[in-house]
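Okay, so here's the structure we're looking at.
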Amino acid sequence: VQLQASGGGLVQAGGSLRLSCAASGLTFSSYTLGWFRQAPGKEREFVAAITWNSGKTYYSDSVKGRFTISRDNAKNTVYLQMNSLKPDDTAIYYCAADWRGATDWGRQSTYDYWGQGTQVTVSS
C-alpha cells in the first residue's frame, strides 16, 4: 500500500493550495481518508476526514469553513482544498487511510496507512 501526498508549497497568507493524495495497493473506496498536519515543535493534529461509505466530511475547528476535503474513487485520490491560508497553517500535511472507518476520525491510531507528507508554508 502506498499513499503519495503532493501539492504542498510556499504561499502568501490569504492564498490557496490544493493537496492531493494518490493511493495504490488498496481498495480505495473501502477506506475513510484523513488529513493530518504537524507544525514545527508541535504534535501531529487532525485536519479533516471523509468517510468511505457516505462521503460525510469532518473538520477540525481551526480549518472549518476554509478547507474542503473531497475524494475521487475513480482516481484513487483524496484532495484537500485549502483557502484563506494563515501562517498558522504552516506544517507538514499527511494523508491517511482507515479501512471502513466509522468512528474516531480524529484519532491517529485509527488509521491503517500513512503517506509521507507534503510541506505547506504560509508566509505573512
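The values are calculated or read from the model by the stated rules, or taken from the named source; none is laboratory data. Bear in mind the structure is a predicted one, so any value in this text is a computation, not a measurement. Every residue, glycine among them, receives a Cβ derived from its backbone with ideal geometry; neighbour counts consider all protein chains shown. Surface accessibility is based on the protein's heavy atoms, side chains included, excluding ligands, DNA and RNA. Shrake-Rupley method; radii C 1.70, N 1.55, O 1.52, S 1.80 Å.
For the chain, lysine pairs with C-alpha atoms less than 25 angstrom apart, excluding pairs fewer than eight positions apart on the same chain, total 5.
With only Lys, Arg, Asp and Glu charged, each at its Cβ (+1 for the first two, -1 for the last two), find how big the charge dipole of the chain is about the Cα centre; round to the nearest 20 debye.
Working: 12 positive and 9 negative charges, 41 e Å.
Here the size comes out at about 200 debye.
Taking the inverse of the mean reciprocal distance over all distinct Cα pairs, the Kirkwood hydrodynamic radius of the chain comes to 14.1 Å.
As a fraction of the 1.4 Å probe accessible area of the chain, surface on carbon and sulfur atoms comes out at 45 percent.
Since only Ala48, Asn76, Gly115 are under comparison, the one whose Cα sits farthest along the positive direction of the charge dipole of region 30-124, derived from C-beta charges on Lys, Arg, Asp and Glu, is Asn76. Multiplying the residue separation of Ser123 and Lys75 by 0.36 nm and subtracting their alpha-carbon distance yields 14.1 nm. Cβ-Cβ distance of Asn83 and Gln108, R₀ of 22 Å, FRET efficiency by 1/(1 + (r/R0)^6): the value works out to about 0.30. Surface analysis of region 1-81 yields an accessible area of 50 Å² per residue, using protein heavy atoms and a 1.4 Å probe.
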